[in-house]
Amino acid sequence: MSAPELIRIVSRSSPMALAQVERVRTELAALHPGIATEVVPVTTTGDRWMGDLSAVEGKGAFTKEVDAALLSGEADLAVHCVKDIPADRPLPAGTTFAAFLKRDDVRDALIHPGGLTLDELPPGTRIGTSSVRRRAQLAASHPHLETVPMRGNANRRMEKLHAGEADALLLAVSGLHRINRPDVITEVLSVDTMCPPIGAGVLALQCREDDTETIDAVSGLGDPDTHRETQAERMFLHVLQGHCNSPIAGYARSGRGGGDLSLRACVFTPDGKTILNAHEWAGRLDPATLGTSVAVALLRQGARELIDGIPH
């Protein structure tokens, strides 16, 4: 199989997305020095719209234009954050995941200009986030704190913080590292304090199904443990049929040396007053079956009624 001479990579045009593409270009250059790459930037509906995501197709707002560039042949490869790819419906027909890169940190970070930790924040502190997952967990664990809606890329949110629109922020650790701003992190929150979103810290490479040249060229960038973890998490979300207003959190972990796989997941009411939990180990189950099993455990606890009861 001959390798392509040029791979055109489509990406959102935000600083974070372009930093993610640079990681892919660097890893691809190390693996295949003979392949050139160029970036095809697009601005998505989600980047333009600063309101509630459920008003513009939810998470698909960040992927639709990228998918279109791939399917039309304008680009050969798309780089996505897995957490932004809807799991309640299949990938667009004609496309496939070619690889999942080695996973970055899944945790959330607190940014507080005064250097206080989450537990030290005084009552009434305004935390900027539009994530229903973060809001529900904060309501459950720190009900004395307030959340204020805040969208936009990480740099934009930090500008809003300094302009006084919030007193503190919650942002993904991996994202802050990707834009070279780990210096702003006040505290890294444990996964017990703030359970991460499905697909946290994972970059997915998506190609056209019939483009075997590109698939073969980039598949070597994939990480087997990340692949198994992502399979379990996305099947979990698929079975639950969560929407973008559903406070759902969870993460899979591979044992050392690709050993046992576990998946811990939670579903919350937006006010944090109801929390459903499940945690299982794969044993002999394949990742997709583990994801299904954990979803069924939560459905037995009433997750369906809880999710369907939230407007979207």
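In a residue-by-residue description of segment 282-301, the property of being within 20 Å of residue 131 (Cβ to Cβ) and charged (D, E, K, R) applies to no position.
Would you be able to say whether some residue in segment 290-312 is of a type in the set (Lys, Arg) and in a helix (DSSP H, G or I)? Yes: one or more hits. In segment 60-90, which residues are surrounded by fewer than 18 Cβ atoms within 10 Å (Cβ to Cβ) and not in a helix (DSSP H, G or I)? Passing the criteria: 72, 73, 74, 88, 89, 90. Checking the structure you have, find out if any residue of segment 159-166 is crowded, with 20+ Cβ neighbours inside 10 Å and touching a Lys or Arg at 6+ places or on another chain (Cβ under 9 Å). Yes: one or more hits.
Can you work out which of the residues in segment 251-279 that are among the small types (Gly, Ala, Ser) and on the phi < 0 side of the Ramachandran plot is modelled with the lowest pLDDT?
259
Residue 247 meets each of the listed conditions (1) surrounded by 21 or more Cβ atoms within 10 Å (Cβ to Cβ); (2) modelled with pLDDT of 95 or more; (3) touching a Pro at 6+ places or on another chain (Cβ under 7 Å) apart from (2).
Residue by residue, here is whether (1) under 14 Å from the mean Cα position of the chain (by Cα); (2) surrounded by fewer than 20 Cβ atoms within 10 Å (Cβ to Cβ); (3) at pLDDT below 90 holds:
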site	(1), (2), (3)
57	no, yes, yes
111	no, no, no
115	no, yes, no
118	no, no, no
125	no, yes, no
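Residues in segment 131-152 that are touching a residue at least 60 places away in the same chain (Cβ under 8 Å) and surrounded by 17 or more Cβ atoms within 10 Å (Cβ to Cβ): 131, 132, 133, 134, 135, 136, 137, 138, 139, 140, 151.
The values are calculated or read from the model by the stated rules, or taken from the named source; none is laboratory data. Owing to the predicted nature of the structure, the values given are computational and were not obtained by experimental measurement. Cβ coordinates were reconstructed from backbone atoms using ideal geometry, including for glycine residues, and neighbour counts include every protein chain displayed.
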